[in-house]
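Following: one structure in structure tokens, then a few remarks.
The values are calculated or read from the model by the stated rules, or taken from the named source; none is laboratory data. From a predicted model like this one, the values you see are computed outputs, not experimental measurements. Cβ: placed from backbone, ideal geometry, glycine included. Neighbour counts: every protein chain shown.
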């Protein structure tokens, strides 16, 4: 079969219709150029050029082959360029898992960082709860995940993202709306919409732990797994709810939000995790871009985009 070098020689001669100009264009002498054309014609079993002492012309076979030769060279150059960009982490695919809550809060910042710093990387997003993300990382179907917590002994690398405060979501005519901020004691005996221990284990354990340590026993009337469902129940008068700070940006009509005083003041955690053995160059480039972000907003500042459930 013919070689790419032979195609380049043929295209140069076909475009110049002069061996001297073609050899100068290719920075080679005429004898090896003529030899490359001969080898190409032998491989194709067709004469591509008519040569005389004064004129070089394309044969019908040469005219038919010229656009194909150009196309093959373009594909070759494109494949080489794409491969180099993938190797450098400038192109490729990044498969990113996220919890619903991070999809409303942290995710926009990370996608903006990717778009600005690594525009050649395609991102495949998959909304998944934390344990499903960890399974995806282990099986290789995900490159990086946004999770709430890692189990003991996890072999994943991680970077913390900005924590959030908790808010108390109240129906707008609730008497507690007159308070500037609320503490656990304010929820004693009150109707509270809680988190499902199955669908929202992280928030269930976080909020239950805060209330238990304070010795507070609210009346849990519902347990749900999504923040927008929780806020719908609040505005319908079912009770109060503890939600991450970014939930205030959902714009749910009829709901008022009050600061919930906790120690630490921002107990809602989120981390970016991946397997150190993952060899995807796009992952390495993404982690480097996040770590080197000069603007703190790129990495940790809260965003004013709503909240969901993780």
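Yes or no: residue 244 crowded, with 16+ Cβ neighbours inside 10 Å, within 21 Å of residue 261 (Cβ to Cβ), in the same structural domain as residue 177 (by TED's automatic domain parsing) and without any contact (Cβ under 8 Å) to a residue 40 or more places away in the chain?
no
Within the stretch 173-189, restricting attention to residues that are in contact (Cβ under 8 Å) with a residue 24 or more places away in the chain and out of contact with any helix residue (DSSP H, G or I) (no Cβ under 8 Å at 6 or more places or on another chain), which residue is surrounded by the most Cβ atoms within 10 Å (Cβ to Cβ)?
174
State which residue is surrounded by the most Cβ atoms within 10 Å (Cβ to Cβ) when the search covers only the stretch 262-286 and only residues that are under 14 Å from residue 146 (Cβ atoms) and more than 17 Å from the chain's Cα centre (by Cα).
This residue is 268.
If you take the residues in the stretch 1-50 that are in contact with a strand residue (DSSP E or B) (Cβ under 7 Å, 6 or more places away or on another chain) and in a helix (DSSP H, G or I), which one is farthest from residue 68 (Cα to Cα)?
My answer is 19.
Tell me yes or no: at least one residue of the stretch 29-51 is within 23 Å of residue 282 (Cβ to Cβ), surrounded by 14 or more Cβ atoms within 10 Å (Cβ to Cβ) and either touching a helix residue (DSSP H, G or I) at 6+ places or on another chain (Cβ under 9 Å) or free of Cβ contacts under 8 Å to residues at least 40 places away in the same chain (or both). Reasoning before the result, please.
So in the stretch 29-51, the residues within 23 Å of residue 282 (Cβ to Cβ) come out as none.
The answer is no; no qualifying residue exists.
Considering only residues of the stretch 3-24 that are surrounded by fewer than 17 Cβ atoms within 10 Å (Cβ to Cβ) and touching a helix residue (DSSP H, G or I) at 6+ places or on another chain (Cβ under 6 Å), which is nearest to residue 75 (Cα to Cα)?
Ranking the qualifying residues of the stretch 3-24, first place goes to 4.
Checking the conditions here, which among 85, 57 is in a helix (DSSP H, G or I) and free of Cβ contacts under 8 Å to residues at least 60 places away in the same chain?
85
Look through the stretch 236-251, keep the residues that are over 28 Å from the mean Cα position of the chain (by Cα) and in a loop (DSSP other than H, G, I, E, B), and return whichever of them is nearest to residue 192 (Cα to Cα). Working first, answer last.
The first filter runs over the stretch 236-251 and keeps only residues over 28 Å from the mean Cα position of the chain (by Cα), leaving 236-242.
The next check asks that each one be in a loop (DSSP other than H, G, I, E, B); those that pass are 236-239.
Values: 236: 13, 237: 10, 238: 8, 239: 5 Å.
Only one residue fits best here, namely 239.
May I ask you to verify whether residue 139 is loosely packed, with under 14 Cβ neighbours inside 10 Å, closer than 19 Å to residue 272 by Cα and over 15 Å from the mean Cα position of the chain (by Cα)?
Here the answer is yes, as residue 139 does meet what is asked.
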